[in-house]
1. Which aspartates and glutamates have a Cα less than 15 Å from the Cα of K108, not counting those fewer than 8 places away in the same chain?
2. Please compare each pair in K10/K113; K10/K116; K84/K104; K19/K75; K84/K105 to a cut-off of 19 Å on the Cα-Cα distance and tell me which ones are over it.
3. Quickly work out the K105-to-E73 label distance, labels modelled 7 Å from Cα along the C-beta direction, and quote it in nm with one decimal.
4. Which one of T39, N95, S57 has its Cα pushed farthest toward the positive end of the charge dipole of the chain, where Lys and Arg give +1 and Asp and Glu give -1 at the Cβ?
5. Helix 92-106 against the longest principal axis of the chain: what's the angle in degrees, Cα atoms only, rounded to the nearest 10?
6. If you rank S57, S5 by fewest surrounding Cβ atoms within 10 Å, what's the result?
7. For a Förster distance of 41 Å, can you work out the FRET efficiency between the beta-carbons of D17 and K94, rounded to the nearest 0.05?
8. With a 10 Å Cβ neighbour count serving as the proxy for reagent exposure, in which order, fewest first, do T85, T39, T63 appear?
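Read the figures in this text as sums done on the coordinates, not as results from a lab. Quick caveat: nothing in here was measured; it's all calculated off a predicted structure. Note: ideal-geometry Cβ built from the backbone for every residue, glycine included; neighbour counts use all protein chains shown.
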Amino acid sequence: MALDSELLVKGLTRTEDDKADLYIAYQIAINEEKQWYATGYGGRYRTMGAMGTATSSTIRIGTLAVDMYDVAEKKQVWHGDATKTLDPSKDPQKNQEKLRKVAKKLLKDYPPKAKK
């Protein structure tokens, strides 16, 4: 998965071991929204009337949310989420690239900077 690759870039290695230092949970949600396109033209005065058309399409908005927990301290240490428009009916390779980009965007501020 794209998230695993980006976590590896950040120096984190995936393990199934029960003695992991960090627990990472993620959720992916896809919502559908209507997108409207409207065009129109008409006269200057109401008596001339106006004409126009409106069409709609469905777009899918995908959100990736990641939470990281310190296993030893049993507390959440980081949260991030990012959103991208996806079109599952199109080229799967393009969607994989979009997922890679959203994972990179999500993790750009990880690890968090030390507080002064």
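1. Answer for K108, where 15 Å is the Cα cut-off: D4, E6, D67, D81, listed by chain and number.
2. Pairs exceeding 19 Å: K10/K116.
3. 2.9
4. Projecting each Cα onto the dipole axis, the largest value belongs to T39.
5. 60
6. S57, S5
7. 0.70
8. Fewest-to-most ranking of T85, T39, T63: T39, T85, T63.
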